[in-house]
Amino acid sequence: MFLFIIKYFGFLKFVPGLAILFDNGLKLYSLLTKPNILDCVDEIEATLLQWPHTSVTTHKYGGIQFNYEGKEIGHIHSNGLLDMLLSRKLKARWMQDGRIQDHHSFKNSGWISFYISTIEDKEYAIQLLQAGYEKVMQSDMK
Amino acid sequence: MKSFFTPKFNGFFVANLVAFTLIGLSKLSEKYIFTYNAGVLVFSEFVIIPLLMGIISAWFWRDSNLSSNKLTGYSCMNAFIAILLSFIFLGEGMICLIIVSPLLMVLVIAGAFIGKSMFNKNNQTLNISILSLMAVVFFADASTPHRYDNMVADEVQINAPVSQVWQHVVAFKRIEEKNKYWLFKAGMPSPVQATVDGYHVGAGRKCIFSNGYVFDEKIVTYDVNRNLTFDITHQPRDPEIMGHIDILRGQFLLKDNGNNTTTLIGNSWYRLYVFPAWYYDTWAKSITRNVHIRVMEHIKELSESK
(Lines give C-alpha, C1' and ligand atoms only; values in the text may rest on other atoms or scores of the structure.)
Protein backbone atom coordinates (compact mmCIF):
# COMPACT_ATOMS: atom_id res chain seq x y z
CA MET A 1 0.00 0.00 0.00
CA PHE A 2 2.76 2.42 1.08
CA LEU A 3 4.87 1.57 -1.96
CA PHE A 4 1.82 1.90 -4.24
CA ILE A 5 1.16 5.42 -2.92
CA ILE A 6 4.84 6.37 -3.18
CA LYS A 7 4.99 5.05 -6.75
CA TYR A 8 1.84 6.66 -8.11
CA PHE A 9 1.30 9.69 -5.85
CA GLY A 10 4.90 10.36 -4.83
CA PHE A 11 4.95 13.56 -6.88
CA LEU A 12 2.50 15.07 -4.36
CA LYS A 13 5.26 15.17 -1.75
CA PHE A 14 6.26 18.53 -3.19
CA VAL A 15 2.93 20.03 -2.06
CA PRO A 16 3.92 21.77 1.20
CA GLY A 17 2.78 19.85 4.26
CA LEU A 18 1.10 17.01 2.37
CA ALA A 19 3.83 14.45 3.03
CA ILE A 20 3.79 15.34 6.72
CA LEU A 21 0.01 14.91 6.74
CA PHE A 22 0.40 11.57 5.00
CA ASP A 23 2.92 10.49 7.62
CA ASN A 24 0.39 11.33 10.34
CA GLY A 25 -2.06 9.13 8.47
CA LEU A 26 0.59 6.40 8.71
CA LYS A 27 0.68 6.92 12.48
CA LEU A 28 -3.06 6.23 12.60
CA TYR A 29 -2.58 3.20 10.35
CA SER A 30 0.26 1.89 12.53
CA LEU A 31 -1.78 2.44 15.70
CA LEU A 32 -4.60 0.36 14.27
CA THR A 33 -2.53 -2.38 12.66
CA LYS A 34 0.90 -2.64 14.36
CA PRO A 35 0.95 -0.44 17.46
CA ASN A 36 4.40 -1.70 18.53
CA ILE A 37 5.97 0.14 15.55
CA LEU A 38 5.39 3.53 17.17
CA ASP A 39 6.82 2.23 20.46
CA CYS A 40 9.91 0.95 18.63
CA VAL A 41 10.38 4.34 16.96
CA ASP A 42 10.08 6.07 20.36
CA GLU A 43 12.71 3.74 21.81
CA ILE A 44 15.05 4.29 18.85
CA GLU A 45 14.63 8.05 19.32
CA ALA A 46 15.42 7.78 23.04
CA THR A 47 18.53 5.69 22.30
CA LEU A 48 19.85 7.98 19.60
CA LEU A 49 19.36 11.10 21.64
CA GLN A 50 21.83 9.69 24.16
CA TRP A 51 24.60 9.73 21.54
CA PRO A 52 26.69 12.91 21.53
CA HIS A 53 25.68 15.78 19.22
CA THR A 54 22.47 14.13 17.98
CA SER A 55 19.10 15.76 17.55
CA VAL A 56 15.74 14.89 16.04
CA THR A 57 13.65 16.96 13.64
CA THR A 58 10.65 16.33 11.43
CA HIS A 59 11.75 14.93 8.08
CA LYS A 60 10.75 17.12 5.13
CA TYR A 61 8.70 14.27 3.65
CA GLY A 62 7.24 13.16 6.98
CA GLY A 63 8.61 11.04 9.77
CA ILE A 64 11.30 11.56 12.35
CA GLN A 65 14.79 12.53 11.21
CA PHE A 66 17.94 11.82 13.21
CA ASN A 67 20.82 14.26 12.86
CA TYR A 68 24.44 14.51 13.86
CA GLU A 69 25.41 18.18 14.19
CA GLY A 70 22.46 19.03 11.95
CA LYS A 71 23.41 16.50 9.25
CA GLU A 72 20.96 13.72 8.53
CA ILE A 73 21.87 10.22 9.71
CA GLY A 74 18.56 8.71 8.62
CA HIS A 75 14.82 9.01 9.04
CA ILE A 76 11.95 6.74 10.00
CA HIS A 77 8.48 7.07 8.51
CA SER A 78 5.57 6.34 10.82
CA ASN A 79 4.96 2.92 9.25
CA GLY A 80 8.37 1.87 10.60
CA LEU A 81 10.32 2.37 7.38
CA LEU A 82 13.88 3.42 8.12
CA ASP A 83 15.63 5.19 5.24
CA MET A 84 19.27 6.13 5.50
CA LEU A 85 22.30 6.92 3.41
CA LEU A 86 25.34 4.68 3.75
CA SER A 87 28.43 4.56 1.59
CA ARG A 88 28.12 2.00 -1.23
CA LYS A 89 30.78 -0.11 0.48
CA LEU A 90 28.89 -0.11 3.77
CA LYS A 91 25.62 -0.80 1.98
CA ALA A 92 27.13 -3.85 0.25
CA ARG A 93 28.34 -5.16 3.58
CA TRP A 94 24.95 -4.76 5.30
CA MET A 95 23.18 -6.19 2.28
CA GLN A 96 24.93 -9.51 2.97
CA ASP A 97 22.71 -9.93 6.06
CA GLY A 98 19.72 -9.97 3.72
CA ARG A 99 17.64 -7.75 6.00
CA ILE A 100 17.97 -4.38 4.33
CA GLN A 101 16.87 -3.49 0.83
CA ASP A 102 17.54 -0.83 -1.77
CA HIS A 103 15.85 2.47 -0.93
CA HIS A 104 12.26 2.47 -2.20
CA SER A 105 13.03 5.39 -4.55
CA PHE A 106 16.82 5.61 -5.02
CA LYS A 107 17.80 2.09 -6.02
CA ASN A 108 21.32 2.60 -7.36
CA SER A 109 22.74 4.64 -4.54
CA GLY A 110 24.00 4.25 -1.01
CA TRP A 111 20.45 4.77 0.29
CA ILE A 112 18.86 1.79 2.00
CA SER A 113 15.44 0.95 3.40
CA PHE A 114 14.65 -1.24 6.36
CA TYR A 115 11.21 -2.09 7.76
CA ILE A 116 10.93 -2.08 11.55
CA SER A 117 8.12 -4.19 12.96
CA THR A 118 9.56 -6.22 15.85
CA ILE A 119 11.84 -5.69 18.84
CA GLU A 120 14.64 -7.50 16.94
CA ASP A 121 14.14 -5.10 14.04
CA LYS A 122 14.45 -2.20 16.46
CA GLU A 123 17.82 -3.47 17.66
CA TYR A 124 18.97 -3.95 14.08
CA ALA A 125 17.78 -0.45 13.16
CA ILE A 126 19.85 0.99 16.02
CA GLN A 127 22.90 -0.87 14.70
CA LEU A 128 22.26 0.55 11.23
CA LEU A 129 21.84 4.04 12.62
CA GLN A 130 25.05 3.56 14.62
CA ALA A 131 26.86 2.80 11.34
CA GLY A 132 25.26 5.86 9.76
CA TYR A 133 26.16 7.99 12.78
CA GLU A 134 29.81 6.95 12.55
CA LYS A 135 29.84 7.62 8.80
CA VAL A 136 28.43 11.14 9.21
CA MET A 137 30.74 11.80 12.15
CA GLN A 138 33.81 10.71 10.16
CA SER A 139 32.84 12.77 7.12
CA ASP A 140 32.32 15.72 9.43
CA MET A 141 35.83 15.36 10.86
CA LYS A 142 37.47 15.36 7.40
CA MET B 1 -13.22 19.96 41.29
CA LYS B 2 -9.53 20.58 40.87
CA SER B 3 -8.78 16.88 40.42
CA PHE B 4 -11.46 16.69 37.70
CA PHE B 5 -9.64 19.21 35.52
CA THR B 6 -6.50 17.12 35.13
CA PRO B 7 -4.11 17.90 32.24
CA LYS B 8 -5.41 14.80 30.47
CA PHE B 9 -9.03 15.94 30.74
CA ASN B 10 -8.15 19.52 29.79
CA GLY B 11 -6.41 18.24 26.66
CA PHE B 12 -9.76 16.94 25.48
CA PHE B 13 -12.04 19.54 27.04
CA VAL B 14 -10.25 22.79 26.17
CA ALA B 15 -9.35 21.59 22.66
CA ASN B 16 -13.01 20.87 21.87
CA LEU B 17 -14.23 23.99 23.64
CA VAL B 18 -11.91 26.19 21.58
CA ALA B 19 -12.83 24.32 18.38
CA PHE B 20 -16.57 24.78 18.86
CA THR B 21 -16.13 28.41 19.95
CA LEU B 22 -14.19 29.10 16.74
CA ILE B 23 -16.82 27.33 14.64
CA GLY B 24 -19.50 29.39 16.41
CA LEU B 25 -17.59 32.62 15.71
CA SER B 26 -17.07 31.57 12.13
CA LYS B 27 -20.82 30.93 11.71
CA LEU B 28 -21.63 34.30 13.32
CA SER B 29 -19.22 36.08 10.97
CA GLU B 30 -20.88 34.34 8.00
CA LYS B 31 -24.25 35.51 9.24
CA TYR B 32 -23.37 39.15 9.91
CA ILE B 33 -20.13 40.04 8.12
CA PHE B 34 -19.04 37.61 5.42
CA THR B 35 -22.57 36.87 4.27
CA TYR B 36 -21.34 35.58 0.89
CA ASN B 37 -20.03 32.50 2.75
CA ALA B 38 -23.35 31.71 4.46
CA GLY B 39 -23.86 27.96 4.71
CA VAL B 40 -20.31 27.24 3.62
CA LEU B 41 -17.92 25.21 5.77
CA VAL B 42 -14.58 26.76 4.93
CA PHE B 43 -11.16 25.13 4.64
CA SER B 44 -10.05 26.47 8.03
CA GLU B 45 -12.87 24.77 9.88
CA PHE B 46 -11.57 21.40 8.69
CA VAL B 47 -7.83 22.12 8.62
CA ILE B 48 -6.81 24.94 10.97
CA ILE B 49 -9.24 24.03 13.78
CA PRO B 50 -8.23 20.33 14.00
CA LEU B 51 -4.55 21.31 13.88
CA LEU B 52 -5.18 23.81 16.65
CA MET B 53 -7.04 21.16 18.65
CA GLY B 54 -3.98 18.93 18.44
CA ILE B 55 -1.65 21.77 19.47
CA ILE B 56 -3.87 22.71 22.43
CA SER B 57 -3.97 19.08 23.58
CA ALA B 58 -0.20 18.82 23.27
CA TRP B 59 0.11 21.88 25.50
CA PHE B 60 -1.89 20.22 28.29
CA TRP B 61 -0.16 16.88 27.81
CA ARG B 62 3.36 18.33 27.48
CA ASP B 63 4.52 17.07 30.89
CA SER B 64 2.79 13.70 30.63
CA ASN B 65 5.61 12.20 28.55
CA LEU B 66 3.13 10.41 26.29
CA SER B 67 4.45 7.76 23.92
CA SER B 68 3.70 8.23 20.20
CA ASN B 69 1.14 5.45 20.48
CA LYS B 70 -0.70 7.16 23.31
CA LEU B 71 -0.50 10.59 21.70
CA THR B 72 -1.94 9.16 18.47
CA GLY B 73 -4.64 7.27 20.37
CA TYR B 74 -5.61 10.29 22.48
CA SER B 75 -5.72 12.45 19.36
CA CYS B 76 -8.09 9.96 17.71
CA MET B 77 -10.26 10.12 20.81
CA ASN B 78 -10.17 13.91 20.65
CA ALA B 79 -11.32 13.84 17.03
CA PHE B 80 -14.00 11.31 17.92
CA ILE B 81 -15.33 13.62 20.67
CA ALA B 82 -15.44 16.49 18.16
CA ILE B 83 -17.33 14.26 15.70
CA LEU B 84 -19.79 13.22 18.41
CA LEU B 85 -20.35 16.85 19.44
CA SER B 86 -20.89 17.80 15.77
CA PHE B 87 -23.54 15.10 15.58
CA ILE B 88 -25.27 16.37 18.73
CA PHE B 89 -24.90 20.16 18.46
CA LEU B 90 -24.35 20.88 14.77
CA GLY B 91 -26.88 18.30 13.59
CA GLU B 92 -24.47 16.72 11.12
CA GLY B 93 -25.52 13.41 9.61
CA MET B 94 -23.75 10.10 10.02
CA ILE B 95 -22.59 9.84 6.40
CA CYS B 96 -21.18 13.33 6.63
CA LEU B 97 -19.28 12.41 9.74
CA ILE B 98 -17.95 9.21 8.17
CA ILE B 99 -16.63 11.33 5.30
CA VAL B 100 -15.03 13.96 7.51
CA SER B 101 -13.53 11.64 10.14
CA PRO B 102 -10.32 10.55 8.31
CA LEU B 103 -9.42 14.18 7.57
CA LEU B 104 -10.19 15.26 11.12
CA MET B 105 -8.28 12.43 12.75
CA VAL B 106 -5.15 12.87 10.67
CA LEU B 107 -5.12 16.63 11.26
CA VAL B 108 -5.66 16.35 15.02
CA ILE B 109 -2.81 13.81 15.15
CA ALA B 110 -0.63 16.15 13.06
CA GLY B 111 -1.50 19.06 15.36
CA ALA B 112 -0.63 17.04 18.45
CA PHE B 113 2.81 16.08 17.08
CA ILE B 114 3.46 19.63 15.86
CA GLY B 115 2.47 20.83 19.34
CA LYS B 116 4.70 18.25 21.02
CA SER B 117 7.63 19.42 18.92
CA MET B 118 6.80 23.11 19.56
CA PHE B 119 6.58 22.72 23.34
CA ASN B 120 9.70 20.52 23.50
CA LYS B 121 11.65 23.31 21.83
CA ASN B 122 10.01 25.80 24.18
CA ASN B 123 10.72 28.68 21.80
CA GLN B 124 8.02 31.21 22.62
CA THR B 125 8.74 33.35 19.54
CA LEU B 126 8.31 30.33 17.29
CA ASN B 127 5.15 29.22 19.11
CA ILE B 128 3.54 32.65 18.87
CA SER B 129 4.57 32.92 15.21
CA ILE B 130 2.92 29.56 14.38
CA LEU B 131 -0.29 30.42 16.25
CA SER B 132 -0.40 33.91 14.70
CA LEU B 133 0.08 32.45 11.25
CA MET B 134 -2.80 30.06 11.88
CA ALA B 135 -4.99 32.95 13.04
CA VAL B 136 -4.14 34.96 9.91
CA VAL B 137 -4.90 31.99 7.63
CA PHE B 138 -8.18 31.38 9.48
CA PHE B 139 -9.29 35.00 9.16
CA ALA B 140 -8.20 35.27 5.52
CA ASP B 141 -9.98 32.04 4.67
CA ALA B 142 -13.18 32.93 6.51
CA SER B 143 -13.32 36.31 4.79
CA THR B 144 -12.65 35.02 1.28
CA PRO B 145 -15.65 34.08 -0.89
CA HIS B 146 -15.76 30.33 -1.55
CA ARG B 147 -17.21 28.78 -4.65
CA TYR B 148 -16.45 25.43 -6.21
CA ASP B 149 -18.39 23.97 -9.13
CA ASN B 150 -17.50 20.77 -10.89
CA MET B 151 -18.87 18.22 -13.32
CA VAL B 152 -18.68 14.44 -13.45
CA ALA B 153 -19.20 12.41 -16.64
CA ASP B 154 -19.66 8.67 -17.03
CA GLU B 155 -20.62 6.43 -19.89
CA VAL B 156 -21.95 2.95 -20.48
CA GLN B 157 -22.34 0.87 -23.62
CA ILE B 158 -25.83 -0.49 -24.16
CA ASN B 159 -26.71 -3.29 -26.57
CA ALA B 160 -29.91 -1.64 -27.76
CA PRO B 161 -30.77 1.05 -30.33
CA VAL B 162 -31.03 4.67 -29.19
CA SER B 163 -34.80 4.75 -29.61
CA GLN B 164 -35.16 1.95 -27.08
CA VAL B 165 -32.70 3.50 -24.63
CA TRP B 166 -34.40 6.89 -24.88
CA GLN B 167 -37.67 5.40 -23.57
CA HIS B 168 -35.97 4.60 -20.27
CA VAL B 169 -33.88 7.75 -19.98
CA VAL B 170 -36.61 10.31 -19.55
CA ALA B 171 -38.36 8.29 -16.84
CA PHE B 172 -37.66 4.86 -15.47
CA LYS B 173 -39.41 2.44 -13.18
CA ARG B 174 -38.18 1.61 -9.72
CA ILE B 175 -34.67 0.20 -9.32
CA GLU B 176 -34.89 -3.06 -7.37
CA GLU B 177 -31.21 -3.98 -7.73
CA LYS B 178 -29.34 -4.10 -4.40
CA ASN B 179 -26.82 -1.34 -3.74
CA LYS B 180 -23.18 -2.16 -4.38
CA TYR B 181 -21.56 1.14 -3.36
CA TRP B 182 -20.45 1.06 0.30
CA LEU B 183 -21.82 4.50 1.19
CA PHE B 184 -25.26 3.54 -0.14
CA LYS B 185 -25.04 0.37 1.92
CA ALA B 186 -24.08 2.50 4.93
CA GLY B 187 -27.34 4.38 4.67
CA MET B 188 -26.72 7.12 2.17
CA PRO B 189 -29.82 7.60 -0.02
CA SER B 190 -29.50 6.19 -3.52
CA PRO B 191 -31.62 6.95 -6.61
CA VAL B 192 -34.55 4.59 -7.14
CA GLN B 193 -36.92 6.10 -9.69
CA ALA B 194 -37.50 8.98 -12.14
CA THR B 195 -40.90 10.28 -13.18
CA VAL B 196 -41.98 13.03 -15.59
CA ASP B 197 -45.18 15.01 -16.06
CA GLY B 198 -44.58 15.61 -19.77
CA TYR B 199 -42.27 14.81 -22.67
CA HIS B 200 -41.20 18.30 -23.72
CA VAL B 201 -38.99 21.23 -22.72
CA GLY B 202 -40.29 22.80 -19.51
CA ALA B 203 -41.83 19.57 -18.23
CA GLY B 204 -41.25 18.61 -14.61
CA ARG B 205 -39.17 15.58 -13.75
CA LYS B 206 -38.68 14.02 -10.35
CA CYS B 207 -35.75 11.92 -9.24
CA ILE B 208 -36.76 9.91 -6.20
CA PHE B 209 -34.23 8.56 -3.70
CA SER B 210 -34.38 5.50 -1.46
CA ASN B 211 -35.32 7.41 1.70
CA GLY B 212 -38.07 9.36 -0.05
CA TYR B 213 -35.98 12.41 -0.98
CA VAL B 214 -37.27 14.00 -4.17
CA PHE B 215 -35.17 16.15 -6.48
CA ASP B 216 -37.47 18.39 -8.53
CA GLU B 217 -36.14 18.95 -12.00
CA LYS B 218 -37.17 20.89 -15.09
CA ILE B 219 -36.34 19.63 -18.56
CA VAL B 220 -34.34 22.29 -20.41
CA THR B 221 -33.27 20.28 -23.48
CA TYR B 222 -35.48 17.61 -24.97
CA ASP B 223 -33.85 16.37 -28.16
CA VAL B 224 -35.41 12.95 -28.78
CA ASN B 225 -32.89 10.08 -28.97
CA ARG B 226 -30.00 12.50 -28.40
CA ASN B 227 -30.06 14.77 -25.40
CA LEU B 228 -32.06 15.10 -22.20
CA THR B 229 -30.88 17.94 -19.98
CA PHE B 230 -32.61 19.03 -16.80
CA ASP B 231 -31.97 21.69 -14.17
CA ILE B 232 -32.55 20.87 -10.54
CA THR B 233 -35.13 23.33 -9.23
CA HIS B 234 -35.48 22.01 -5.69
CA GLN B 235 -33.51 19.56 -3.60
CA PRO B 236 -33.79 18.37 -0.03
CA ARG B 237 -31.79 20.24 2.62
CA ASP B 238 -30.82 17.47 4.92
CA PRO B 239 -28.26 17.10 7.71
CA GLU B 240 -26.67 14.38 5.61
CA ILE B 241 -24.46 15.27 2.68
CA MET B 242 -27.31 16.97 0.83
CA GLY B 243 -26.76 20.15 2.83
CA HIS B 244 -23.16 20.41 1.69
CA ILE B 245 -23.56 19.90 -2.02
CA ASP B 246 -26.06 21.14 -4.58
CA ILE B 247 -26.67 19.22 -7.75
CA LEU B 248 -27.21 21.93 -10.36
CA ARG B 249 -27.90 20.11 -13.59
CA GLY B 250 -28.11 16.61 -15.00
CA GLN B 251 -27.79 15.38 -18.55
CA PHE B 252 -28.09 12.19 -20.58
CA LEU B 253 -26.46 12.14 -24.00
CA LEU B 254 -27.15 9.24 -26.35
CA LYS B 255 -24.80 8.33 -29.18
CA ASP B 256 -25.87 5.91 -31.88
CA ASN B 257 -22.91 3.61 -32.46
CA GLY B 258 -24.34 2.50 -35.83
CA ASN B 259 -24.50 -1.18 -34.93
CA ASN B 260 -27.69 -1.23 -32.93
CA THR B 261 -25.82 -0.27 -29.80
CA THR B 262 -25.81 3.00 -27.91
CA THR B 263 -23.30 4.91 -25.85
CA LEU B 264 -25.10 6.51 -22.92
CA ILE B 265 -23.28 9.42 -21.28
CA GLY B 266 -24.40 10.77 -17.93
CA ASN B 267 -23.22 14.22 -16.83
CA SER B 268 -23.88 15.98 -13.54
CA TRP B 269 -22.91 19.47 -12.48
CA TYR B 270 -22.66 20.26 -8.79
CA ARG B 271 -21.57 22.94 -6.33
CA LEU B 272 -19.72 22.18 -3.11
CA TYR B 273 -20.28 24.06 0.14
CA VAL B 274 -17.50 22.30 2.05
CA PHE B 275 -13.78 22.90 1.79
CA PRO B 276 -10.95 21.96 1.23
CA ALA B 277 -12.26 21.08 -2.21
CA TRP B 278 -9.42 18.64 -2.95
CA TYR B 279 -10.71 16.44 -0.15
CA TYR B 280 -14.47 16.78 -0.46
CA ASP B 281 -14.49 16.81 -4.23
CA THR B 282 -12.90 13.35 -4.18
CA TRP B 283 -15.92 12.15 -2.20
CA ALA B 284 -18.39 14.20 -4.28
CA LYS B 285 -17.02 12.66 -7.48
CA SER B 286 -17.20 9.18 -6.05
CA ILE B 287 -20.80 9.64 -4.85
CA THR B 288 -21.98 11.31 -8.07
CA ARG B 289 -20.25 8.62 -10.13
CA ASN B 290 -22.03 5.91 -8.18
CA VAL B 291 -25.39 7.66 -8.59
CA HIS B 292 -24.69 7.73 -12.34
CA ILE B 293 -23.66 4.10 -12.45
CA ARG B 294 -26.71 2.95 -10.51
CA VAL B 295 -29.10 4.82 -12.81
CA MET B 296 -27.28 4.04 -16.05
CA GLU B 297 -26.88 0.34 -15.26
CA HIS B 298 -30.63 0.27 -14.60
CA ILE B 299 -31.33 1.98 -17.94
CA LYS B 300 -29.02 -0.53 -19.60
CA GLU B 301 -30.85 -3.45 -18.02
CA LEU B 302 -34.28 -2.07 -19.01
CA SER B 303 -33.14 -1.29 -22.56
CA GLU B 304 -31.52 -4.66 -23.14
CA SER B 305 -34.39 -6.72 -21.74
CA LYS B 306 -36.61 -8.11 -24.49
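The values are calculated or read from the model by the stated rules, or taken from the named source; none is laboratory data. Treat the numbers as computed from the prediction; the structure is a model and nothing was measured. Reconstructed Cβ throughout: ideal geometry from the backbone, glycine too, with neighbour counts over all protein chains shown. These area figures cover heavy atoms from the full protein model, side chains too; ligands, DNA and RNA do not enter into them. Shrake-Rupley method; radii C 1.70, N 1.55, O 1.52, S 1.80 Å.
Scanning region B:63-97 for residues that are within 14 Å of another protein chain (Cβ to nearest Cβ), surrounded by 16 or more Cβ atoms within 10 Å (Cβ to Cβ) and of a type in the set (Ser, Thr, Tyr) gives B:68, B:72, B:74, B:75.
Those strands (runs of 3 or more DSSP E) of region A:1-96 in which 1 or more residues are open to solvent by 60 Å² or more (accessible area, probe 1.4 Å) and charged (D, E, K, R) occupy A:71-76.
Table: residues versus (1) in contact with a Gly (Cβ under 9 Å, 6 or more places away or on another chain); (2) farther than 19 Å from residue B:109 by Cβ.
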residue: A:3; (1), (2): no, yes
residue: A:7; (1), (2): no, yes
residue: A:10; (1), (2): no, yes
residue: A:14; (1), (2): no, yes
residue: A:30; (1), (2): yes, no
residue: A:33; (1), (2): no, no
residue: A:50; (1), (2): no, yes
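Residue count for region B:259-282, restricted to those that are under 19 Å from residue B:170 (Cα atoms) and modelled with pLDDT under 95: 0. Total residues in region B:83-119 satisfying the condition of being over 23 Å from residue B:71 (Cα atoms) and of a type in the set (Phe, Trp, Tyr): the figure is 2.
Taking the criterion of being assigned to a loop (DSSP other than H, G, I, E, B), open to solvent by 20 Å² or more (accessible area, probe 1.4 Å) and either under 21 Å from residue A:34 (Cβ atoms) or among the aromatic types (Phe, Trp, Tyr) (or both), would at least one residue in region A:110-133 satisfy it? Scanning region A:110-133, I find at least one residue that is assigned to a loop (DSSP other than H, G, I, E, B), open to solvent by 20 Å² or more (accessible area, probe 1.4 Å) and either under 21 Å from residue A:34 (Cβ atoms) or among the aromatic types (Phe, Trp, Tyr) (or both), so the answer is yes. Quickly run through region B:292-306 and pick out the residues that are of a type in the set (A, V, I, L, M) and either in contact with a helix residue (DSSP H, G or I) (Cβ under 8 Å, 6 or more places away or on another chain) or modelled with pLDDT under 95 (or both). The answer is B:299, B:302.
Scanning region B:258-270 for residues that are free of Cβ contacts under 8 Å to residues at least 60 places away in the same chain and of a type outside the set (Gly, Ala, Ser) yields one hit, B:259. The set of residues in region B:259-298 being more than 30 Å from residue B:103 (Cα to Cα), open to solvent by 40 Å² or more (accessible area, probe 1.4 Å) and in a helix (DSSP H, G or I) consists of B:297 alone. The criterion of being away from chain A (no Cβ under 14 Å) and open to solvent by less than 20 Å² (accessible area, probe 1.4 Å) holds for residue B:142. Among the residues making up region A:26-53, those that are more than 14 Å from the chain's Cα centre (by Cα), within 14 Å of chain B (Cβ to nearest Cβ) and free of Cβ contacts under 8 Å to residues at least 24 places away in the same chain are A:28, A:31, A:32, A:33, A:35, A:39, A:46, A:49. Across region B:53-62, the qualifying residues are those that are buried (at least 24 other Cβ atoms within 10 Å of the Cβ) and more than 25 Å from residue A:36 (Cβ to Cβ), and the one among them that is nearest to the chain's Cα centre (by Cα) is B:53.
Candidates A:102, A:83, A:140: the one that is under 13 Å from the mean Cα position of the chain (by Cα) and over 30 Å from residue B:115 (Cα atoms) is A:102. Only one entry of B:255, B:285 meets the criterion of being at pLDDT 95 or above and within 11 Å of the chain's Cα centre (by Cα), and that entry is B:285.
Among residues of region B:102-132 being open to solvent by less than 40 Å² (accessible area, probe 1.4 Å) and of a type in the set (Val, Ile, Thr), the one that is farthest from the other protein chains (Cβ to nearest Cβ) is B:108. Among the candidates B:153, B:135, the residue that is closer than 30 Å to residue B:258 by Cα, among the small types (Gly, Ala, Ser) and more than 12 Å from chain A (Cβ to nearest Cβ) is uniquely B:153.
For the residues A:15, A:56, the requirement of being over 25 Å from residue A:123 (Cβ atoms) and within 12 Å of chain B (Cβ to nearest Cβ) singles out A:15. Restricting attention to region B:50-101, the residues that are without any contact (Cβ under 8 Å) to a residue 60 or more places away in the chain, in a helix (DSSP H, G or I) and not polar (S, T, N, Q) add up to 15.
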